[in-house]
Structure formats: C-alpha cells, structure tokens
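Written below as structure tokens is the structure these notes are about.
The values are calculated or read from the model by the stated rules, or taken from the named source; none is laboratory data. Because the structure is predicted, anything quoted here is derived from the model rather than measured. With ideal geometry, Cβ positions are generated from the backbone for all residues, glycine too; neighbour counts draw on all protein chains shown. Areas reflect the complete protein model, heavy atoms only, side chains present, ligands, DNA and RNA absent. Shrake-Rupley method; radii C 1.70, N 1.55, O 1.52, S 1.80 Å.
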Amino acid sequence: MNIFNKVTLQGMKKSKTRTIVTVIGVILSAAMITAVATLGVSLLNYLAKGAAQTYGGWHVEYLNVNSSFAKERTHDNEVANTATFENIGYAKLDGGQNPKRPYLFIAGFSKEAFDTLPITMVSGRLPKNNGEILVPLSVEASGGVQSTVGDTLSLAVGSRMNGNKNLSQQNPYISGKETLMKKAKKTYKVVGICQKPGFDESSAPGYTLITKTDAQDKADSLNLFVTLKNPRGVHAYASSTAQSNSYVFNDNVLRFMGLSNNKLFNTILYSIGGILVALVMVGSIFLIYNSFNISMNERTHQFGILSSVGATARQLRNSVLFEGLCIGAIGIPIGVIVGIGSIGLVISGVAKNFENVMYSNVHFTLTVSVPAIVIAAAVSIVTILISAYIPARKAASTPVMESIRQTNDVKVESKAVKTSKLAQRIY
C-alpha cells in the first residue's frame, strides 16, 4: 500500500463520524438501486409466469414438420421438453358468419401437448380418444355456430391448397384462390367446450378443435412446441435447427424476458428501467457528493502539504477515489442486502393486489437475479466514483499555497452581506 492510501485510511479513521455518514449514504444508494432492479426482475418474472399460464411455457413452435424432425429436436442438448399435435386437417364450417375464418381446424393432441398447452375448460371434459373433440367458444362468438356437449360432428376433413402449395394456420384465408381438398370423412362427439387456445391466432383461417391422437396413427404433419433449458438462446437455436421448416416464437412469454422480436416493446422496457436507475443515481450522487466535498474541505491543508513535497494531481485524485472504493466495499454489500430485504417486504404486501387484478392463479413473489445484483453493484460503484471524482478534481487543481493557507474555502465580500437595521437590533 502506497503512502497516499495510508494517509487516506488515517484520515477516514480520524473523521469517523463523517466516514460513517458517507457509508450510510452509500448503503441507501445501493439499497435503492438494488430495490429498483429486483422489483423490475420480480415483476417481469410474474408477468412471464402469467403469460405462460395463458399461452403455454414453450419458446418456439415449428410448423408442419415430420415425425423424424420432431424426434431429432427431442434429443437436442439445449431442449428441456417438447410437445406435438397432429395437423389432422380442415373442414368447412357450415353456417359460419366470419368470411375470414370459414374453416374448422382439427388438431390431434398428444399427452405432452395437453400438459404443455393450457386449455381452459368452460364445460364438459377433455377428450379421451380420437373420436371425441373439444370445441372452442370462438366458434360461436366469432363464427356464429353454436355447439353443445353431446353433439355429433360429421366432417369432411382435408387440406387447404393454393395450386400445389399446402396452406397452414399461419396462412390467412385467400378468397377465390384456395380450395379445400377433401381426404376423409370423420365423426366426432363433442365432449367439452373450452376457451380459445392460446396458440390459436386470430388471423388463422380455421377455428381449432382439439381431439386426442391415436397411438397407432403415424401422422407426418405435426406442429412441434419446444421449450429450451436456456430461453436466451432461442433465436440462435431456431435459426440453426429449422432447416427448411417455418417457425414462430412464443412472444407472449419471451417479451417479458426481454427476448421478443418486438423492438418497440424492448425499447420501452429498457428505457423505463434505465430512467428509474438514472433518477436514483442522480439523487445518490448529490447525497454522496456532499460527503466527499466535506472530506475535501477537511483535507485541503493536507493536500497542499502533499503537493508541496511533489505529489501530482493524479496521485491526489487517486487518493480520493481510493477512499470512495473503501467506503463502497463496506456500504455496497450492506446496501444490496437491505435493498433485497426491503423490496421483499413491499412485494409481500402488494402481492394480493396484483393477483386480484391480473393473474389470480400466479403468485407474485420475490425473484433474486444474480445478473441484476451485479448490475446494481456496478451502478453503485460508478455512482460513488462520480461523486468522489468531482471534488477530487477540484482539490487537485487548487494551487499549493491556497490549499495550505485554506484561503479558498470561503469567499465572501463585504458587499455580499446585507443586514437590515431591524435584524441588527434583534440579533
């Protein structure tokens, strides 16, 4: 340890009260920054869990793939789990009143699909075999065709074709250009009514009816839903494995992880976080700056003597920054702990209100993120260094004789002080 750092430590020990006050200021600063970061992470995690409850926790969906492709993805090291449903085909919706959705789309769910893709039942039960089917409420609400539990549906199921091109749910209805190529006659018993599935897009040409796949059927047109172990690699994974297949991301969940392709949402998300942290930083700088400014005023005479024996301006600045780092080493860890504990109490107090307003079956809990804590600590260090650098630069640039005499501490001219006769008589 060089002589300047030793002198700095001696000065901190000598002015214990000022040092303690500065440490408290750093604790408050680190606590506020940590609390803001932890609250943001906890809120986003709550929204992501709520979106997963509604739309499913999968990350990427591959469209109209064959069984061998689905099997390959199941064995990928990056994959946590997969689920598929069979694209059985389309049937004409008789009596449909929505010209943009003239079809029924039959999806054959596997057991994994029922577990992965959330279905909200309105009445009835889930299908147990490939002769039973679920009908969404959107068929009645949007299509104008009512179905009840116990009805029998006789459907001529086939494929949508535009010339030689096979169309899927991601291809909107093309009036007058596409045809329905019928392949088989199927009969289903309606055993349940459900809400519109989360993966069923409003622009799709067919209302999704759900049945159960038969283990003996070997369908070669599947929709594959993949959940990754690390969702942050979802874009790279999808582009590297898709081959010639189309895919879509679960943006309803990924957007709350900051992984959505929606640049506007990402910009708003990070801008709000940046503004909050910046406000806390500015307030903290004013708070901590005053403490270091007082320290500089106390050490002005000392700096003058050190300068007179050859200390450079850089050495004096480093001395003050060293003091800031020492104070940060004490205050930041305590501030991080205080910030996490305080925001944990706040979240526990408002959790019920969030659950009543947003997702009733998802609990709003404290989420401690290591990257968020590291960022909060880094921001706190930057805040301390800025707060210390401003008075350090001023002290280092003060002429030697002014520092020794301390004639530059207070500059008040006689004309600047004006006292009324009434004040003179009172005081």
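About the Cα centre, and with charges only on the beta carbon of Lys, Arg (+1) and Asp, Glu (-1), how big is the dipole of the chain? Nearest 20 debye, please.
About 1560 debye.
Ignoring ligands, DNA and RNA, how do Glu72, Glu355 rank by accessible area with a 1.4 Å probe, largest first?
The ranking, largest first, comes out as Glu72, Glu355.
Quick one: if the Förster radius is 60 Å, what FRET efficiency do Asn162 and Arg314 give, using the C-beta to C-beta distance and rounding to 0.05?
Efficiency at R0 = 60 Å is approximately 0.25.
Hey, what do the phi angles of the range 157-174 turn into as Karplus ³J(HN,Hα) couplings, whole Hz, using 6.51/-1.76/1.60 and θ = phi - 60°, x for Gly and Pro?
9, x, 10, 7, 10, 10, x, 9, 8, 8, 8, 10, 5, 7, 9, x, 5, 10
Can you give the accessible area of Val338, probe radius 1.4 Å, in Å² rounded to 10?
Spelled out: Val338, probe radius 1.4 Å, area about 70 Å².
Sort largest first and round to whole Å: the equivalent ellipsoid semi-axes of the range 1-122, each the square root of five times a Cα gyration tensor eigenvalue.
Taking √(5λ) for each eigenvalue gives 62, 21, 11 Å, largest first.
In the range 126-211, what percent of the accessible surface is made up of carbon and sulfur (1.4 Å probe, ligands and nucleic acids excluded)?
Of all accessible area on the range 126-211, carbon and sulfur atoms account for 47 percent.
Which value, in Å² and to the nearest 10, is the accessible area of Thr54 when all protein chains are kept and the probe is 1.4 Å?
Using a 1.4 Å probe on the heavy atoms, I get roughly 60 Å².
Stretched out fully, how many nm does the piece from Thr152 to Ile20 gain, at 0.36 nm a residue minus the Cα gap?
Once the chain is fully extended between Thr152 and Ile20, it gains 39.6 nm.
Heavy-atom accessible area per residue, the range 30-185, 1.4 Å probe: how many Å²?
Normalised by residue count, the accessible surface of the range 30-185 is 47 Å².
On a full-extension model of 0.36 nm per residue, what is the gain between Ser244 and Asn2, subtracting their alpha-carbon distance, rounded to one decimal in nm?
This chain segment gains 80.7 nm when fully extended.
Rounded, prolate or oblate: which fits the range 110-195, taking a ≥ b ≥ c as square roots of the Cα gyration tensor eigenvalues, rounded meaning a/c under 1.5, else prolate when a/b beats b/c?
prolate
Taking each full run of DSSP H in the chain as one helix, which ones are at least 15 Å long along their axis (Cα atoms) and have mean Kyte-Doolittle hydropathy of at least 0.0?
16-55, 263-298, 313-357, 370-396
Starting from 0.36 nm per residue, how many nanometres of slack lie between Asp76 and Asn261 once their C-alpha separation is accounted for?
64.2 nm
Rank these residues by their accessible area, most exposed first, probe 1.4 Å: Met281, Met121, Met181.
Met181, Met121, Met281
Charges only on Cβ, +1 for Lys and Arg, -1 for Asp and Glu: so what's the dipole of the range 195-265 about the Cα centre, in debye to the nearest 20?
Using Cβ point charges on Lys, Arg, Asp and Glu, the range 195-265 gives about 360 debye.
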